[in-house]
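Here's the structure, in structure tokens; my notes come after.
The values are calculated or read from the model by the stated rules, or taken from the named source; none is laboratory data. The shown structure was predicted, so the numbers you read here are calculated from the model rather than taken from an experiment. When we count neighbours, we look across all protein chains shown, and the Cβ atoms used for this are built from the backbone with ideal geometry, even at glycine.
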Amino acid sequence: MKRGKGMKFVGDSRITADKQKFIPKDYSEYPGRTEAFWPNFLLKEWLVGAVFLVGFLCLTIAHPAPLEKMADPTDTSYLPLPDWYFLFLYQLLKYKFASAEFFVLGAIVIPGLAFGGLFLAPFLDRGKERRPHKRPITTGLMLLAFAAVFWLTYEASAHVDWEEKAEANQPVWPDDQPSIEIDEADPGFAVYEANSCIDCHGGDLAGGAAAPPLFGMDHDVEEIKDIAVNGIGTMPAGQFEGSDEELQQLAEFIASVNEQAAEEE
């Protein structure tokens, strides 16, 4: 073989000839108009997000959200409220144009258009300007969404006494409740059920949002009979409808439950 013949050079395209480190583009020729995403823009976003996160955590520690009682399917008088971040949708469904026969409009169509508008905002306004008054579509949608959510949330929460609601709905965990066996064969329980006492005080007499528990009371049979007929506190008079014998059976049944609860304690 002669010199220089039969020799071939092979190169690998996967290896660059001169590999350089990542150097962000120089945006100095566009002052105040744009900047590198990494690390300039992303670092600012992280810092702002961290400040809001720390502030939110401090707020939750200083003012924790009040818990409500354990769920009771027998309590038909309880009025549930959504969490604070859904109160604006809860308020929207109170208006005539978004409730009753227009429920689909208020529950699906209006929220769908609102969130769809926010989702499409970057595609509807693709301008390169960063100043708000130069981006009317995006700025208008943002201000409209903020004003609507703020106002609807305020309207939903302004008519609720949150401290009273939290006080009336203190959670009672199963371990804290006395283990009381309700004798449903007792004639007093039949009277208790027939007079709709079970709707407010529950099948286990543990009470509900609109009524206190019927055990742990310091009342004798005669006092219970008087309360059943004449009412007490938020309980109006005239709730009991029955004979004197049934009233006696009801009072003795409630008194026996109280005695059992006192023994458990």
Suppose we keep only residues that are of a type in the set (Val, Ile, Thr) and closer than 28 Å to ALA65 by Cα within the stretch 122-166. Which one would you say is surrounded by the fewest Cβ atoms within 10 Å (Cβ to Cβ)? VAL160
Go through (1) assigned to a helix (DSSP H, G or I); (2) at pLDDT 80 or above one by one and return the number of the condition PRO82 breaks. (1)
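Hand me the list of helices (runs of 4 or more DSSP H) wholly inside the stretch 165-265 holding 1 or more residues that are over 24 Å from PRO80 (Cα atoms) and modelled with pLDDT of 70 or more.
Working: elements: 187-194, 197-201, 221-230, 244-264.
Counting at least 1 such residues, we get 187-194, 221-230, 244-264.
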Which numbered condition in (1) in contact with a helix residue (DSSP H, G or I) (Cβ under 6 Å, 6 or more places away or on another chain); (2) farther than 30 Å from THR234 by Cα; (3) among the aliphatic types (A, V, I, L, M) is the only one that LEU59 fails? (1)
